[in-house]
Amino acid sequence: MNAKIKALGLIVIMFVTISIVFDEIVINLVAVKMPSLIRLAELHHKLVVSNDEEEIIKYLAESDKLFAGIEKDAESLYGTFEVIEILCMLNLTFFLQNVVNFLFTNIMGRLFQFPTVQQFSDLMLFGSSVVVIRWF
């Protein structure tokens, strides 16, 4: 049981550390590129409502220049979001594994200790993962 708690602690520490690192990367990329992203949103709005062909060509050229400047960062940001989402899905599977374990041991009539540190930590990771996934 002691080894199980240590392993669980290591998994939680790894998840939190990796999440912090990747969240920091996301925050830095968004903070640096925010003016370009705001300008792209403004250009998109102007393109949607514009009926002038010359104005549309001008706005498309400007948006292409802005996007070319942030293309690599946007791809990196998307990759970082994918890693965070994969970690969150793993946390969801840890919690679902506990629920399935509870159901089968209950059906077989065996004793299932509830709550334990493992269920509590998996529930906390499950809750934080749901919040992060909804944020995406």
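The values are calculated or read from the model by the stated rules, or taken from the named source; none is laboratory data. The structure displayed is predicted, hence computed values, not measured ones. In this analysis, Cβ positions are derived from the backbone assuming ideal geometry, glycine residues included, and neighbour counts consider all displayed protein chains.
List of remarks:
- Within segment 74-85, residues that are on the phi < 0 side of the Ramachandran plot reach partners that are part of a helix (DSSP H, G or I) with beta carbons closer than 6 Å, at six or more positions or on different chains, in the pairs Leu77/Leu29; Thr80/Phe22; Thr80/Ile25; Thr80/Val26; Val83/Phe22; Ile84/Phe22.
- Qualifying position, being modelled with pLDDT under 80 and assigned to a helix (DSSP H, G or I), among Thr17, Thr80, Thr93: Thr80
- Figure legend. Inter-residue proximity from segment 95-109: first residues within 17 Å of Ser121 (Cβ to Cβ), second residues among the charged types (D, E, K, R) and part of a helix (DSSP H, G or I), beta-carbon distance below 7 Å, spacing 6+ or different chains. Indicated pairs: Phe95/Asp122; Asn98/Asp122.
- Test: Leu90 is surrounded by 12 or more Cβ atoms within 10 Å (Cβ to Cβ), under 29 Å from Ile20 (Cα atoms) and among the aliphatic types (A, V, I, L, M): yes
- Contact map, segment 39-51: first residue farther than 12 Å from Phe67 by Cβ, second residue small (Gly, Ala, Ser), Cβ cut-off under 8 Å, separation 6 or more or different chains; pairs are Leu47/Ser63.
- When segment 99-124 is filtered for residues that are in a helix (DSSP H, G or I) and either under 13 Å from the mean Cα position of the chain (by Cα) or modelled with pLDDT of 80 or more (or both), the ones remaining, listed by number, are Val99, Val100, Asn101, Phe102, Leu103, Phe104, Thr105, Asn106, Ile107.
- Residue in segment 43-57 that is β-branched (Val, Ile, Thr), part of a helix (DSSP H, G or I) and closer than 30 Å to Leu10 by Cβ present: no
- Consider segment 53-87 and keep the residues that are within 11 Å of the chain's Cα centre (by Cα) and among the aromatic types (Phe, Trp, Tyr). The one that is surrounded by the fewest Cβ atoms within 10 Å (Cβ to Cβ) is Tyr78.
- Qualifying residue in segment 25-45 (condition: hydroxyl-bearing (Ser, Thr, Tyr), more than 20 Å from Arg134 (Cα to Cα) and in contact with a helix residue (DSSP H, G or I) (Cβ under 7 Å, 6 or more places away or on another chain)): yes
- When Glu71, Glu53, Glu75, Glu85 are checked against the criterion of being at pLDDT below 80 and out of contact with any Leu (no Cβ under 8 Å at 6 or more places or on another chain), a single residue qualifies: Glu85.
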